[in-house]
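The values are calculated or read from the model by the stated rules, or taken from the named source; none is laboratory data. This one's a predicted model, so the numbers in the text were calculated from it and none came from an experiment. Positions of Cβ are backbone-derived with ideal geometry, glycine not excepted, and every protein chain shown enters the neighbour counts.
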Amino acid sequence: MTRMTIQEASRQSGLPEPTLRYYEEVGLVGPIARDESSGHRRYSDHDLDTIQALACLRAMGVGIDDMRTYQANRALGQARAGEQRDLLLRHAARVEQELETLRVHLDYLRSKADLWDARDRADAAAEAEAHLRVEAILPDLQAALR
């Protein structure tokens, strides 16, 4: 069984060392074994697997409470498969909504850039067309900002 330092676990998971300590403190991982002579944390392969799963959830905007639920369900396996699915689908729906919002933002930015490009080229027809696209996007942009 591999035993790695907190620095190595941080490097492999992409999570900062303070986050690893915090995740142990709040019970998301661990308890982490300690080196007998130094008292330093020593992460096992299982610990790293858990940390990497948490790093993925964190990157997707999953909060601590849902991470706790995910970890508890993960430990119970098939008995909680439905709950695990529902938790992940709830976050997938949130990410889909965020993507839609970002698409509206991107459309707005590109349309405004087209407008300014047309102005830079003194192309009145292109500017009018870009202005119409901007106006068409504004209701979606305003809804996304709410």
request  = Can you run down the residue pairs with Cβ atoms below 8 Å, 6 or more apart or on separate chains, where the first is in the range 109-132 and in contact (Cβ under 8 Å) with a residue 24 or more places away in the chain and the partner is part of a helix (DSSP H, G or I)?
outcome  = 111/130; 111/133; 111/134; 111/137
remark   = Condition set basic (Lys, Arg) and either farther than 30 Å from residue 60 by Cβ or outside any helix (DSSP H, G or I) (or both), scope the range 98-146, selection nearest to the chain's Cα centre (by Cα): answer is 146
ask   = Taking residue 76, is it farther than 20 Å from residue 13 by Cβ, in the same structural domain as residue 33 (by TED's automatic domain parsing) and not charged (D, E, K, R)?
value = yes
key: Members of the range 27-39 found to be surrounded by 10 or more Cβ atoms within 10 Å (Cβ to Cβ) and either among the charged types (D, E, K, R) or touching a Lys or Arg at 6+ places or on another chain (Cβ under 8 Å) (or both), listed by number   = 27, 28, 32, 33, 34, 35
ask   = How many residues are of a type in the set (Gly, Ala, Ser) and loosely packed, with under 10 Cβ neighbours inside 10 Å if we restrict to the range 120-146?
value = 2
request  = Give the range 53-93 a look and list any residue that's without any contact (Cβ under 8 Å) to a residue 40 or more places away in the chain and of a type in the set (Lys, Arg), or say none.
outcome  = 74, 80, 85, 90
inquiry  = Whether any residue in the range 82-90 is under 30 Å from residue 144 (Cα atoms) and either buried (at least 17 other Cβ atoms within 10 Å of the Cβ) or aromatic (Phe, Trp, Tyr) (or both) is what I want to check.
reply    = yes
task = Would you mind finding the one in 53, 72, 79 that is aliphatic (A, V, I, L, M), more than 14 Å from the chain's Cα centre (by Cα), surrounded by 12 or more Cβ atoms within 10 Å (Cβ to Cβ) and not in a loop (DSSP other than H, G, I, E, B)?
result = 72
ask   = With 60, 67 as the choices, which residue is of a type outside the set (Phe, Trp, Tyr), outside the structural domain of residue 133 (by TED's automatic domain parsing) and in contact with a Phe, Trp or Tyr (Cβ under 9 Å, 6 or more places away or on another chain)?
value = 67
key: Close pairs from the range 41-52: first over 15 Å from residue 74 (Cα atoms), partner exposed (fewer than 15 other Cβ atoms within 10 Å of the Cβ) and small (Gly, Ala, Ser), Cβ under 9 Å, at least 6 apart   = 41/33; 42/33; 43/33; 44/33
key: Failed criterion for residue 38 (all others in (1) in a helix (DSSP H, G or I); (2) without any contact (Cβ under 8 Å) to a residue 40 or more places away in the chain; (3) polar (S, T, N, Q) hold)   = (1)
